[in-house]
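The values are calculated or read from the model by the stated rules, or taken from the named source; none is laboratory data. Predicted model, so just to flag it, every value in this text is computed and none were measured. Reconstructed Cβ throughout: ideal geometry from the backbone, glycine too, with neighbour counts over all protein chains shown. These accessible areas exclude ligands, DNA and RNA; they are computed on the full protein's heavy atoms, side chains included. Shrake-Rupley method; radii C 1.70, N 1.55, O 1.52, S 1.80 Å.
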Amino acid sequence: MSDEREIQEVMARYVRAADHRDGTAMSDIFLPEGKTEIFYNNAGTAERLGELVGAKAIGAAVTTLMKPHPPRGWSHHTTHDPIIEVKGDTATLDAHFVVFNVVGAEKPEGGWPEKAAGAQGTITPIEAGYYRPTLKKVGGRWMMALLRIYHSHDRVHLQITLRLSFQFA
Amino acid sequence: MSDEREIQEVMARYVRAADHRDGTAMSDIFLPEGKTEIFYNNAGTAERLGELVGAKAIGAAVTTLMKPHPPRGWSHHTTHDPIIEVKGDTATLDAHFVVFNVVGAEKPEGGWPEKAAGAQGTITPIEAGYYRPTLKKVGGRWMMALLRIYHSHDRVHLQITLRLSFQFA
Amino acid sequence: MSDEREIQEVMARYVRAADHRDGTAMSDIFLPEGKTEIFYNNAGTAERLGELVGAKAIGAAVTTLMKPHPPRGWSHHTTHDPIIEVKGDTATLDAHFVVFNVVGAEKPEGGWPEKAAGAQGTITPIEAGYYRPTLKKVGGRWMMALLRIYHSHDRVHLQITLRLSFQFA
């Protein structure tokens with residue numbers, strides 16, 4: 001596999017770990033000393049919310065800080081149009097992301113009615129922005145060294161803000 | 001072209017065949033004995049709706065079971081963040097999908113008014129999930145051997161359910 | 001990097017130039033004599049709106065004809081499922097596109113309220129269709145020679161229509 005494909009697969013594993021709220025899978029794609037930095041968009045200015053340091057802390061954040069899906073809910077973190085630069089054992093990637101929120105309708109006790117057709121629920125794009133990671137090739141495998149997340153909206157996760165503030169104070 | 005790119009192109013041809021309701025193009029990417037299995041998401045449990053067996057039957061389903069587009073309608077079956085594993089002449093792919101439904105507004109008899117701007121109609125994400133095919137390389141060409149479709153919603157196509165039930169009873 | 005990846009990166013740079021309203025970056029990916037043709041979908045018939053000729057004119061259109069983002073707005077032109085054919089120094093690409101419009105809510109003077117969570121604003125898919133460019137490799141670099149844009153909706157940009165009509169009359 002080419003370096004570019006391997007790097008795209010790291011991003012693909014990132015979005016699955018996020019959608020599955022799988023902290024172990026998320027930790028596994030970061031270097032032990034890896035970092036995540038989150039930025040919001042305040043009318044054109046990227047404002048740094050804070051950072052998570054270490055693969056373990058990043059994994060723990062996925063498990064404990066991301067809201068669990070409701071019983072009939074799911075999310076799809078999707079990425080698009082990557083620009084990848086590889087220089088030796090270091091690489092950067094720049095990709096759009098769009099997060100779709102899937103909310104299923106409650107199934108009636110007697111099952112879906114005869115006339116029901118189409119998706120029983122809604123799909124809504126709730127977040128968008130850019131993932132801009134730096135990756136390192138260590139032991140033949142590309143890993144996230146620093147993931148910068150730029151949201152196109154302002155202040156997306158207040159709850160995360162509040163909880164993280166204890167760590168970053 | 002790398003195996004990974006060829007496999008992505010099979011998926012790209014799949015979504016175009018679906019959007020064009022082109023049963024011939026759809027049959028053409030499956031092995032003669034290829035299968036499609038469709039699963040829905042019942043509150044976290046993947047429930048198997050049924051399967052279509054054979055490239056011909058799969059193509060016929062696209063032509064006869066998928067609802068035709070209205071005159072000003074279209075769809076975009078889009079896929080994202082593929083994870084691809086190639087082992088010799090067998091490969092698996094795992095990709096998110098999101099289906100966008102395009103519904104155009106009716107054009108007024110006298111044409112669009114002077115003030116009209118922007119899209120004359122709506123674009124709505126109506127389905128999402130994962131395509132998880134197994135492919136085989138036969139005669140130098142990657143083909144779909146088994147396509148598993150996992151919807152993130154419950155019971156998306158009741159009409160297909162009812163009609164397929166005759167085949168799968 | 002493979003030809004296919006380089007060609008995908010040209011498309012990735014196109015969407016970023018569009019989202020940043022960056023005419024210089026847009027001009028830079030077209031051959032000096034490059035063209036853009038725009039088509040709309042009138043109930044199944046692709047109607048040619050007009051064309052822009054020359055990298056400079058295409059860049060100027062991005063800067064002067066595309067509506068600027070509002071202070072808390074942004075766009076994400078995303079592309080999906082490319083089909084790429086390379087023959088020597090000429091290549092074609094066929095990709096879906098979906099444009100997402102991000103509109104942020106106005107930040108209250110005293111900051112976001114304690115209870116605010118989630119995206120403060122909306123993300124709406126506003127355009128979809130196909131990008132079908134022909135590219136040429138010149139001096140070792142893939143460049144847009146002709147970009148055909150097929151919208152799945154009818155008459156998306158009336159303002160561009162009106163202004164372009166002077167050029168194409």
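Points worth noting:
- Which numbered condition B:MET143 misses (of (1) farther than 27 Å from A:ASN101 by Cβ; (2) in contact with a Lys or Arg (Cβ under 8 Å, 6 or more places away or on another chain); (3) hydrophobic (A, V, I, L, M, F, W, C); (4) modelled with pLDDT under 85): (4)
- Condition met for A:VAL15 (under 23 Å from A:LYS137 (Cα atoms), more than 17 Å from the chain's Cα centre (by Cα) and of a type outside the set (S, T, N, Q)): no
- Whichever residue in segment A:65-77 is within 14 Å of chain B (Cβ to nearest Cβ) and open to solvent by 10 Å² or more (accessible area, probe 1.4 Å) and, among such residues, is modelled with the highest pLDDT: A:HIS77
- Exactly one residue among B:ILE160, B:ILE126 is out of contact with any Ser or Thr (no Cβ under 9 Å at 6 or more places or on another chain) and either open to solvent by 50 Å² or more (accessible area, probe 1.4 Å) or modelled with pLDDT under 95 (or both), and that residue is B:ILE160.
- Condition met for B:GLY104 (in contact (Cβ under 8 Å) with a residue 60 or more places away in the chain and in contact with a His (Cβ under 9 Å, 6 or more places away or on another chain)): no
- Output for segment A:37-48, where each listed residue is buried (at least 21 other Cβ atoms within 10 Å of the Cβ) and of a type outside the set (Phe, Trp, Tyr): A:ILE38, A:ASN41
- Considering each residue of segment C:3-25 in turn, none proves to be free of Cβ contacts under 8 Å to residues at least 24 places away in the same chain, open to solvent by 20 Å² or more (accessible area, probe 1.4 Å) and assigned to a strand (DSSP E or B).
- From B:GLU51, B:GLU109, B:GLU33, residue being over 23 Å from A:THR78 (Cβ atoms), touching a Phe, Trp or Tyr at 6+ places or on another chain (Cβ under 8 Å) and surrounded by fewer than 21 Cβ atoms within 10 Å (Cβ to Cβ): B:GLU51
- Residue match in segment B:119-129 (condition: among the polar types (S, T, N, Q), closer than 21 Å to C:HIS96 by Cα and part of a loop (DSSP other than H, G, I, E, B)): yes
Yes or no, residue by residue, for (1) assigned to a strand (DSSP E or B); (2) surrounded by 21 or more Cβ atoms within 10 Å (Cβ to Cβ); (3) within 14 Å of chain A (Cβ to nearest Cβ); (4) in contact (Cβ under 8 Å) with a residue 60 or more places away in the chain:
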residue: C:LYS56; (1), (2), (3), (4): no, no, no, no
residue: C:GLY59; (1), (2), (3), (4): no, yes, no, no
residue: C:THR63; (1), (2), (3), (4): no, no, no, no
residue: C:THR79; (1), (2), (3), (4): yes, yes, yes, yes
residue: C:ILE83; (1), (2), (3), (4): yes, no, no, no
residue: C:VAL86; (1), (2), (3), (4): yes, no, no, yes
residue: C:THR92; (1), (2), (3), (4): yes, no, no, no
